[in-house]
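Q: Sharing a structure below in structure tokens format, with a few things to ask.
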Amino acid sequence: QSRYRHIFNSKIKKQQMDSLASYLRIEYGRGHRILIGGDWNQLAPGSPDKEVGIPVPVPFPDAGWNWVATESPTNRDLSTGYQPGISRELTIDFFLLSPNLKEVEVKGLNQAFAFSDHEPVLLRVCAR
């Protein structure tokens, strides 16, 4: 079991997501386009790594919103120095788009974790 399990499966995380969902509904209701991205400390939808954490809820906050993630890993384990093919890698950095935005392109920018335990992710969107 991962030493990070408490981060992924905490009561605080649920409270954070509930608070975010309320905020998103209000702002989207005002007609805003919303793009949120970053380190969610949760797994991207469809992640095969459920033994180390829980995926973000789908749908979230409501039907029509889209999670957008790269297929490449965006985070690595910090318990040792990075070892390609050995170090655990996960996708926990991704985006949430409101229904009035559409993904054009998403890709991980592989830097072999040379500068951080996270890899950058590029996202291009357009208005619907």
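The values are calculated or read from the model by the stated rules, or taken from the named source; none is laboratory data. Small disclaimer: the values here were computed from a predicted structure and weren't measured. Neighbour counts are summed over all protein chains in view; Cβ atoms, including those assigned to glycine, are modelled from backbone coordinates with ideal geometry. The accessibility values were calculated without ligands, DNA or RNA, using every heavy atom of the protein model including side chains. Shrake-Rupley method; radii C 1.70, N 1.55, O 1.52, S 1.80 Å.
Q: If you roll a 1.4 angstrom probe over the protein chains with everything in place, what fraction of the accessible area of the chain belongs to carbon and sulfur, to the nearest %?
A: Result for the chain: 52 percent of the exposed heavy-atom area is carbon or sulfur.
Q: For the stretch 81-128, treating each Cα as an identical point scatterer without solvent, what Debye log10 I(q)/I(0) comes out at q = 0.27 1/Å?
A: Listed by q, the Debye log ratios stand at -1.04.
Q: Further question on the same structure: Using a 7 Å offset from the Cα along the Cα-to-Cβ direction at both residue 124 and residue 30, what is the distance between the two label points in nm, to one decimal?
A: Taking the two extended label points, one gets 3.0 nm.
Q: Moving on to the next point. If you bin the C-alpha pair distances of the chain every 5 Å from 0, what whole percents do you get?
A: The percentages, shortest bin first, are 2, 10, 19, 21, 20, 14, 8, 4, 1, 0.
Q: What is the sum of charges, Lys and Arg at +1 and Asp and Glu at -1, for the other residues whose Cβ falls under 11 Å from the Cβ of residue 40?
A: Summing Lys and Arg as +1 and Asp and Glu as -1 gives -1.
Q: Place a point 7 Å from the Cα of residue 105 along the Cα-to-Cβ direction; which residues of the stretch 18-52 have their backbone N under 20 Å from it?
A: 35-38
Q: Calculate how steeply helix 11-29 sits against the longest principal axis of the alpha-carbon atoms of the chain, using the helix alpha-carbon long axis, and give the answer as 0 to 90 degrees to the nearest 10.
A: Between helix and principal axis, roughly 30 degrees.
Q: Which value in Å does the Kirkwood hydrodynamic radius of the stretch 20-84 take, with 1/r averaged over all unlike C-alpha pairs and then inverted?
A: 14.0
Q: Grab the other residues whose beta carbon is less than 15 angstrom from that of residue 99, score K and R as +1, D and E as -1, and report the net.
A: +2
Q: Right, something else. Under a 1.4 Å probe, what is the accessible area of the stretch 53-115 per residue, stated in Å²?
A: Per residue, the stretch 53-115 has an accessible area of 52 Å².
Q: In addition: For n ≥ 4 DSSP H runs only, could you compute -39500 (n - 2.57) per run for the chain, divide by its residues and tell me the 222 nm figure to the nearest 500?
A: The helix contribution divided over the chain gives -5500 deg cm²/dmol.
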